[in-house]
Amino acid sequence: MDRDLTDDLQARVREAHAARSPLCIVAGGTRGFYGRRVEGVELAVGGHRGIIEYQPSELVVTVRAGTPLAELEEALREQHQMLAFEPPHHGEDSTIGGTIACGLSGPRRAAAGAARDFVLGVTVINGLGQRCRFGGQVMKNVAGYDAARLMVGAQGTLGLLLDVSLKVLPMPKAEETLKLALGATEMPARVLRWVRQGLPITASCHLEGTLCLRLGSTPSAVRAARARIAREHTCEQTCGEVTADFWRQIRDQRHPFFRASGNLWRLSHLPTTPFYSGDPEAALLEWNGALRWVHAEEDMYAEAERHGGHAQRHPLHAREGADGDIFPALAPGLARIQRRLREAFDPHGILNPGRLCVRDAAAQA
């Protein structure tokens, strides 16, 4: 059944390549907002699902790209393990293939690493209809391009993901969230100091004068961290489903903050970068201050670049793809590399054409 489906997908890509016919890759359809609309024949991959191999003792799982993200996380949870980069779901139909293709990471990213850091290997169908395997099931250094990790964030423009091998991690034995009254401008330096002291901070979120700080480790380490923070700052302990739901809302951008009117921007730079967009208390801060969410009508691309970071427009309402670009323009050198990679993997540009930034090589080379 799975081999038949793989053969069918491969045949359809070959036919599209021969006819130079664009394909629009669709799995769960929950991250349509994260890129431009794609005009092409729909290529549904949601049926290519299931865990191929899972070795809890080796902390490695290989899974088909169409597998629902929730299904994979439940299988890991039964073994007290997790996807450490805490990927956003953006809907019940989110798949692991869409997760890796978009390369998005959740609240734990600053503590554990990004999605690309956990990809060990992938199998893809390139734009020629060829089946290719990159990487494997172990962590190792490689020379040149790490082709498996190139697929993270490429949104299918380099290849149709068939399966992915991921490194997983044990879940923390104890976890709790502290709430602290703290100003937005104070938050980055304060949290970074605690991080440098070795406190087991697994997530941070600041909104409207309140810092939510999640601790996760062994019970004794969490208790010691809580006591250390309490010596410096009055804090309120929260626990249970209320806390878990709060972090899910932040992870999936379902918190009321994200639904407010106006353009939503995702700004990333060094945590200590001065605030430059409106009232700092009106922003939502994550990743120890390195990730800032703001509502702004002005164009934030150039402003973020002037401050050493970059901006992305985040149109959550555009379920089938955004109108216009949401990513910043690439520097000329990076744009040339991106263009050459696409030409190597997909010479006729049939896989999700136009999905990523178009204000790049053609305009700047």
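Quick look at the values:
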quantity: Segment E53-E15, length gained on full extension (0.36 nm per residue, minus Cα span); calculated: 10.6 nm
quantity: Principal-axis tilt of helix 240-251 within the chain, Cα atoms, nearest 10 degrees; calculated: 50 degrees
quantity: The chain - percent relative contact order, Cα under 8 Å, separation 6 or more; calculated: 22 percent
quantity: For region 173-323, size of Cβ-based charge dipole, Lys and Arg +1, Asp and Glu -1, in debye; calculated: 820 debye
quantity: Rg/Rg_globular for region 276-351, with Rg_globular taken as 2.2 N^0.38 Å and Rg from C-alpha atoms; calculated: 1.39
quantity: Alpha carbon centroid spacing (whole Å) that separates region 205-267 from region 142-204; calculated: 15 Å
quantity: Principal-axis tilt of helix 2-19 within the chain, Cα atoms, nearest 10 degrees; calculated: 70 degrees
quantity: Amide hydrogen neighbours beyond the local backbone of A322, cut-off 5 Å, H modeled; calculated: G35, R36, R37
quantity: Cα principal axis extents for region 160-243, largest first, Å; calculated: 49, 30, 28
quantity: Using alpha-carbon coordinates, inclination of helix 219-232 to the longest axis of the chain, degrees; calculated: 60 degrees
quantity: Calculated volume of the Cα convex hull per residue in Å³ (choose from (1) 173; (2) 150; (3) 138), label; calculated: (3)
quantity: Fraction in percent of alpha-carbon pairs per bin - 10 Å, region 173-323; calculated: 10, 39, 33, 15, 3, 0
quantity: Measure of compaction for region 1-106 (Cα Rg per 2.2 N^0.38 Å); calculated: 1.17
quantity: ³J(HN,Hα), Karplus 6.51/-1.76/1.60, whole Hz, each residue of region 61-66, x for Gly, Pro; calculated: 9, 10, 9, 6, 5, x
quantity: Derived scalar couplings ³J(HN,Hα) [region 76-92; Karplus, 6.51 cos²θ - 1.76 cosθ + 1.60; whole Hz; x for Gly, Pro]; calculated: 5, 4, 4, 9, 6, 10, 7, 7, 5, 7, 6, x, x, 9, 6, x, 5
quantity: Furthest towards positive pole of dipole, Q312, T202, F275, structure part region 173-323, Cβ charges; calculated: T202
quantity: Nonlocal amide H pairs with G127, under 5 Å, H built at 1.01 Å; calculated: D346
quantity: Environment charge of P68, counting only residues whose C-beta is closer than 11 Å and scoring Lys/Arg +1, Asp/Glu -1; calculated: -3
quantity: Karplus 3J(HN,Hα) series, Hz, for region 339-351 with 6.51 cos²θ - 1.76 cosθ + 1.60 (x for Gly, Pro); calculated: 4, 5, 5, 5, 5, 6, 7, 8, x, 8, x, 8, 8
quantity: Mean-position separation - Cα centroids, region 113-127 and region 298-354, in angstrom; calculated: 19 Å
quantity: nm² value of the averaged projected area, convex hull over the Cα atoms of region 78-214; calculated: 11.0 nm²
quantity: Percentage relative contact order, region 173-323, counting C-alpha pairs under 8 Å, at least six apart; calculated: 27 percent
quantity: Exposure proxy order (Cβ contacts within 10 Å, fewest to most) of R116, R231, R214; calculated: R231, R116, R214
quantity: Simple Cβ-charge dipole of region 1-160, Lys/Arg +1 and Asp/Glu -1, about Cα centre, in debye nearest 20; calculated: 620 debye
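Each value in this text was obtained by applying a stated rule to the coordinates, not by laboratory testing. Quantities reported herein were computed from a predicted structural model and do not represent experimental measurements. When we count neighbours, we look across all protein chains shown, and the Cβ atoms used for this are built from the backbone with ideal geometry, even at glycine.
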